[in-house]
Amino acid sequence: MRAYFEKLFKGRINVKNFILGISLIILLQIPLFIIMATAIKMNSTIQFIKQSWLGNFVVAVGIIILVCITAIFIFSLTVRRFHDMGLSLFTGADEWLFRDGDKQENKYGKPPEPKFDLKAIFGLSK
């Protein structure tokens, strides 16, 4: 698991993959939030859970986990986007989102291919 998290924050992604990654994360969140909202609605109608705090607690924990996972992936995309421009996360840059990355290899690795790459977005590439 640690190796996956290390890969998730190393390397570079280009603008296309950054925008695609953010879009996919948002699109994947929509059905999950619908499921959570349905679970909350069901909690109020199921007699057993209505009398217990357990149902709402389980839903709240699910939402917290969902938000944490989302934050980790968005943060990793942002870190790798900064790496593509030869910056560390703490450097900061104006208009970093749409600025082209370095054309040559920098200290974070070789330039990413100018194509959509789902493996790179989710930290599964080499």
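The values are calculated or read from the model by the stated rules, or taken from the named source; none is laboratory data. Because the structure is predicted, anything quoted here is derived from the model rather than measured. Heads up, the Cβs are rebuilt from the backbone with ideal geometry, glycines too, and the neighbour counts pull from every protein chain shown.
The single residue among VAL61, VAL15 that is modelled with pLDDT of 70 or more, closer than 27 Å to GLU113 by Cβ and of a type outside the set (Gly, Ala, Ser) turns out to be VAL15.
Going through (1) within 17 Å of PHE18 (Cβ to Cβ); (2) out of contact with any strand residue (DSSP E or B) (no Cβ under 6 Å at 6 or more places or on another chain); (3) modelled with pLDDT of 75 or more; (4) surrounded by 11 or more Cβ atoms within 10 Å (Cβ to Cβ) one by one, ILE69 falls short only on (1). Residues that are at pLDDT 80 or above and either part of a loop (DSSP other than H, G, I, E, B) or within 10 Å of ASN14 (Cβ to Cβ) (or both) within region 87-115 comprise LYS103, GLN104, GLU105, LYS107, LYS110, PRO111, listed in sequence order.
Whenever a residue of region 70-82 is of a type in the set (A, V, I, L, M, F, W, C), its partners that are at pLDDT 90 or above, lying with C-beta atoms within less than 6 angstrom and at least six residues away or across chains, give the pairs PHE73/ILE25; LEU77/PHE18; LEU77/GLY21. Do you know which residues across region 2-16 are over 14 Å from the mean Cα position of the chain (by Cα) and under 10 Å from ALA120 (Cβ atoms)? Within region 2-16, GLY11, ARG12, ASN14 meet the criteria.
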